[in-house]
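**Student:** One structure follows; several queries about it will come next.
Values quoted throughout were computed directly from the atomic coordinates according to the rules given, and no laboratory measurement underlies them. Bear in mind the structure is a predicted one, so any value in this text is a computation, not a measurement. Cβ atoms come from the backbone with ideal geometry, glycine included; neighbour counts cover every protein chain shown.
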Amino acid sequence: MEKIFDSHSHYNNPAFNEDYAELMNHLTESGVGLIMNCGSDVETSIISQKQANACDFMYFSAGIHPLDAHDVTDENLAKIEQLTKDNKCRAIGEIGLDYHYDDAPAPDVQKKVFIQQLDMAVRLNMPVIIHIREAMQDSLEILKDYAGKIQGVIHCFSGSAESCKILINMGFYIGFTGVVTFKNARKSLEALKIVPFDRLLIETDCPYMAPEPCRGKRCDSSLLHYVAQKMADELGKTKEEVIAQTFENAKRLFNID
Ligand code: NI
């Protein structure tokens, strides 16, 4: 059976505390082969590091999420850089811009922290995991200066097919979650169809974004079978082809042998 690479998860979330060990066993039995466990601030990046070092099928990323970009100090960034030295750390993320919430850090604050971490990724030659929500124009404006200098994924892609094309031309991979199974997924599906098969990633963003028919429940990587099936139906591939290709793509992006 082909193995799934969940390219974006948050097993550092307290939602997994109670049954974590049991769940990890369940994931391996459900065909999950590798997991990227993403940090969103210093604290969750450290938890992800510990979890990845205790699990032979888990890697982690370290970074500061735009919604955690308040009061980021040089010490915080130095700590993220220190975490990237761990052999299990394979990306800087998640980083980006998120203008959805009224109480989010101001755009200028988010941009500064995003650019600082992009520059860190260039300097360390590491891929990035990028979060963009309701901030596509500003993100494209920033990212165009990094095209060709950086590898990365735009995770849980929610933009238009047009923006998707621009990001692909900049060299990015595009990640899709259970959102593609939702009834209002038309926009995501339009974007999905223009992604070259060798740039496509599959992800949960768990504990959030559980696919249909589990929408609203706690999500975990085993539910990616539903997402892979939906992608396969849309792309005219088999589920096994989607799982195998996205596994190879994530390994290539994250430099995993
Ligand atoms: Ni995430």
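**Student:** Taking the Cβ of Pro207 as the centre, find all other residues whose Cβ is under 10 Å away and add up their charges (Lys, Arg: +1; Asp, Glu: -1).
**Tutor:** Details: positive: Lys217, Arg218; negative: Asp205, Asp220.
For residues surrounding Pro207, the net value is 0.
**Student:** Could you run the Karplus curve 6.51 cos²θ - 1.76 cosθ + 1.60 with θ = phi - 60° over segment 204-217 and give me ³J(HN,Hα) per residue in whole Hz, x for Gly and Pro?
**Tutor:** Once θ is set to phi - 60°, the couplings for segment 204-217 become 8, 6, 5, x, 8, 6, 4, x, 4, x, 10, 3, x, 8 Hz.
**Student:** For segment 54-107, what's the radius of gyration and Dmax over Cα atoms, in angstrom?
**Tutor:** Over segment 54-107's Cα set, Rg and Dmax evaluate to 13.2, 40 Å.
**Student:** Can you give the calculated 222 nm mean residue ellipticity of the chain, where each DSSP H run of n ≥ 4 adds -39,500 (n - 2.57) and the sum is split over every residue, rounded to the nearest 500 deg cm²/dmol?
**Tutor:** -12500 deg cm²/dmol
**Student:** Evaluate 2.2 N^0.38 Å with N set to the residue count of the chain, then give the Cα radius of gyration divided by it.
**Tutor:** Against the empirical 2.2 N^0.38 Å value, I get 0.93 for the chain.
**Student:** Dividing the convex hull volume of the Cα atoms of segment 128-194 by its residue count, what figure in Å³ per residue is obtained?
**Tutor:** 72 Å³
**Student:** Follow-up. Quick check for me: using +1 on Lys/Arg Cβ and -1 on Asp/Glu Cβ, what's the dipole size of the chain about its Cα centre, in debye to the nearest 20?
**Tutor:** Using Cβ point charges on Lys, Arg, Asp and Glu, the chain gives about 700 debye.
**Student:** Determine the relative contact order of segment 116-257: mean sequence separation of Cα pairs under 8 Å and six or more apart, normalised by residue count, in whole percent.
**Tutor:** 19 percent
**Student:** Need the list of lysines near Lys187 for cross-linking: C-alpha distance under 17 angstrom, and skip anything on the same chain fewer than eight residues off.
**Tutor:** Those lysines meeting the cut-off are Lys165, Lys230.
**Student:** A follow-up question, please. So for the chain, taking the charge dipole from beta-carbon charges (+1 Lys/Arg, -1 Asp/Glu), which of Ile46, Asn13, Ala232 sits furthest toward the positive end?
**Tutor:** Ranked along the dipole, the leading option is Ala232.
**Student:** For Glu2, project a label point 7 Å along Cα to C-beta. Then give me every residue of segment 219-241 with its amide nitrogen under 14 Å of that point.
**Tutor:** Those under the cut-off are 224-241.
**Student:** Give the peptides 241-249, 160-168 in descending order of average Cβ contacts within 10 Å, highest first.
**Tutor:** Result, highest mean Cβ count within 10 Å first: 241-249, 160-168.
**Student:** Next up: Report the one residue of Phe172, His26, Gln137 whose Cα lies farthest in the direction of the positive end of the charge dipole of the chain (charges on C-beta: Lys and Arg +1, Asp and Glu -1; origin at the Cα centre).
**Tutor:** Ranked along the dipole, the leading option is Phe172.
**Student:** Under 8 Å for C-alpha pairs, at least 6 residues apart: give me the relative contact order for segment 180-231, rounded to a whole percent.
**Tutor:** For segment 180-231, the relative contact order is 38 percent.
**Student:** Given segment 1-123, what percent of its DSSP beta bridges are antiparallel, to the nearest 5?
**Tutor:** The answer is about 0 percent antiparallel.
**Student:** How big is the charge dipole of segment 118-257 about its Cα centre, in debye rounded to the nearest 20, if each Lys and Arg gets +1 on its Cβ and each Asp and Glu gets -1 on its Cβ? Kindly include the intermediate steps, with their values, before the conclusion.
**Tutor:** Numbers: 18 positive and 18 negative charges, 43 e Å.
With Lys and Arg at +1 and Asp and Glu at -1, about 200 debye.
**Student:** Sort Phe114, Phe60 so the one with the fewest other Cβ atoms within 10 Å of its own Cβ comes first. Present the calculation step by step, with values, prior to reporting the outcome.
**Tutor:** On the way: Phe114 27, Phe60 30.
The order, fewest Cβ neighbours first, is Phe114, Phe60.
**Student:** Treat every Asp and Glu Cβ in segment 58-203 as -1 and every Lys and Arg Cβ as +1, leave all other atoms uncharged, and give the resulting dipole magnitude about the Cα centre to the nearest 20 debye.
**Tutor:** 700 debye
**Student:** Starting from the alpha-carbon convex hull of segment 86-167, give the projected area averaged over all orientations, in nm².
**Tutor:** The number I arrive at for segment 86-167 is 5.7 nm².
**Student:** Sticking with this one: Using the Karplus curve 6.51 cos²θ - 1.76 cosθ + 1.60 with θ = phi - 60°, what ³J(HN,Hα) values do you get for each residue of segment 107-120, in whole Hz, with x for Gly and Pro?
**Tutor:** Karplus values, whole Hz, x for Gly and Pro: x, 5, 5, 4, 4, 4, 5, 4, 5, 4, 7, 5, 5, 4.
**Student:** Sequence-distant or interchain residues sharing an amide H contact under 5 Å with His8, placed H: which?
**Tutor:** Those qualifying (amide H under 5 Å, at least 5 residues apart or on another chain) are Met36, Thr204, Asp205.
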